[in-house]
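Structure first, then comments.
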Amino acid sequence: MQEFISLTRQMTEIAGELALQYYRTGFDVDHKSDDSPVTIADREIERQVRDLIERTRPEDGFLGEEHGTKPSQNGLMWVVDPIDGTKSFVAGRPTYGTLIALWEGDAPLLGAIYQPNSQELWLGVQGQATTLNGREIETKKTTDVNRLRIGTTSPRQFSPHPELLAALQETSDFFIWGGDCYLYGMLAFGGLDVVIETGLKAHDYAALPSIIGGAGGLCSDWRGGALTVTSEDTAVLCTANKQVENHVLDLIQKHA
């Protein structure tokens, strides 16, 4: 795994340098077919990271948000979101980050979240404790399920399920609205109990099982099933512990 960890660190260095080069500089913003924004930083980070993998491990596959998929020849697949939280990046809010994951088939091997402004690196590796800048971290072990700290993108995530949003608000201490990949970092070090979102694609969540799992938490879809890199438009639930997961899955079953 050390080779993979070293490559991941190289990728975060590339991503961080490029992101900060463009951050708050008034760059142009394009829009993709689904009307989501994309910037030169998104495209350039993914291009350089992909080039690194192709030079050093040409048989590995690569799934990126901006430049498509390269099939794997050996069962290993890198999954990269060059800037998760492009809207925040465009607005100049430092909650965006780069997501990097390595999977072997349906098994997550490694996941990383890197926030360039604060230089924070969450790293989850199969069989190891998750670290934040080298320090081991863990999710909350004891929780009052009637006072949950919940993070999500916005109330619009729940527009098809207003009863679920009401039930979550009833069982919450507070909500954090917005926060992009940083929400999952906060969950991993014990700041939140739940992050729940809908409509995610593989590059949005592929890093999470390794990071959250290595910190003692759990990640699943809204049915409690395992996340895989072949899922599309997935509703994702990450929780601090099994007690919280069971509680929220029960709310989802009743209200969604």
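The values are calculated or read from the model by the stated rules, or taken from the named source; none is laboratory data. Please read all numbers here as calculations on a predicted model, not as lab measurements. Note: ideal-geometry Cβ built from the backbone for every residue, glycine included; neighbour counts use all protein chains shown. Calculation scope for accessible area: heavy atoms of the full protein, side chains included, ligands and nucleic acids excluded. Shrake-Rupley method; radii C 1.70, N 1.55, O 1.52, S 1.80 Å.
Each residue in the stretch 47-84 was checked for being at pLDDT below 95 and within 24 Å of Tyr184 (Cα to Cα), and 3 pass. Of all residues in the stretch 208-229, those satisfying the criterion of being of a type outside the set (S, T, N, Q), open to solvent by 10 Å² or more (accessible area, probe 1.4 Å) and under 18 Å from Ile5 (Cβ atoms) are Pro209, Gly213, Gly214. All of Thr171, Thr198 fail the test of being of a type in the set (Ser, Thr, Tyr) and either free of Cβ contacts under 8 Å to residues at least 12 places away in the same chain or touching an Asp or Glu at 6+ places or on another chain (Cβ under 9 Å) (or both), apart from Thr198.
Being among the hydrophobic types (A, V, I, L, M, F, W, C), closer than 18 Å to Gly217 by Cα and surrounded by 18 or more Cβ atoms within 10 Å (Cβ to Cβ) is a property that does not hold for Leu102. Of the residues making up the stretch 181-207, those that are open to solvent by 40 Å² or more (accessible area, probe 1.4 Å) and either on the phi < 0 side of the Ramachandran plot or in a loop (DSSP other than H, G, I, E, B) (or both) are Tyr182, Met186, Phe189, Lys201. Per this entry, Thr95 is not counted among residues that are in a loop (DSSP other than H, G, I, E, B) and more than 27 Å from Pro37 (Cα to Cα). Of all residues in the stretch 158-180, those being open to solvent by less than 30 Å² (accessible area, probe 1.4 Å) and either basic (Lys, Arg) or assigned to a strand (DSSP E or B) (or both) number 1.
Being of a type in the set (S, T, N, Q) and surrounded by 24 or more Cβ atoms within 10 Å (Cβ to Cβ) is a property that does not hold for Thr142.
Among the criteria (1) modelled with pLDDT under 95; (2) more than 21 Å from Pro94 (Cα to Cα); (3) more than 13 Å from the chain's Cα centre (by Cα), the one Val229 does not fulfil is (3).
Cβ-Cβ contacts under 8 Å between residues 6 or more apart (or on different chains), taken from a first residue in the stretch 124-149 that is within 16 Å of Gly216 (Cβ to Cβ) to a second residue that is open to solvent by 90 Å² or more (accessible area, probe 1.4 Å) and not small (Gly, Ala, Ser), are listed as Ala129/Glu136; Ala129/Glu138; Thr130/Glu136; Thr130/Glu138; Thr143/Gln243. Only residues that are of a type in the set (Val, Ile, Thr) and touching a residue at least 60 places away in the same chain (Cβ under 8 Å): list them for the stretch 45-103, please. Result: Val79, Val80, Ile83, Val90, Thr95, Thr98, Ile100. Between Glu59, Glu54, the distinction of being over 22 Å from Tyr182 (Cβ atoms), acidic (Asp, Glu), touching a strand residue (DSSP E or B) at 6+ places or on another chain (Cβ under 8 Å) and assigned to a loop (DSSP other than H, G, I, E, B) belongs to Glu59 only. The residues of the stretch 116-132 that are assigned to a strand (DSSP E or B) and crowded, with 24+ Cβ neighbours inside 10 Å, listed by number, are Trp122, Leu123, Gly124. Here are the criteria: (1) assigned to a strand (DSSP E or B); (2) more than 16 Å from Ala112 (Cβ to Cβ). Tell me which single one Cys238 does not satisfy. Of everything listed in (1) assigned to a strand (DSSP E or B); (2) more than 16 Å from Ala112 (Cβ to Cβ), Cys238 misses just condition (2).
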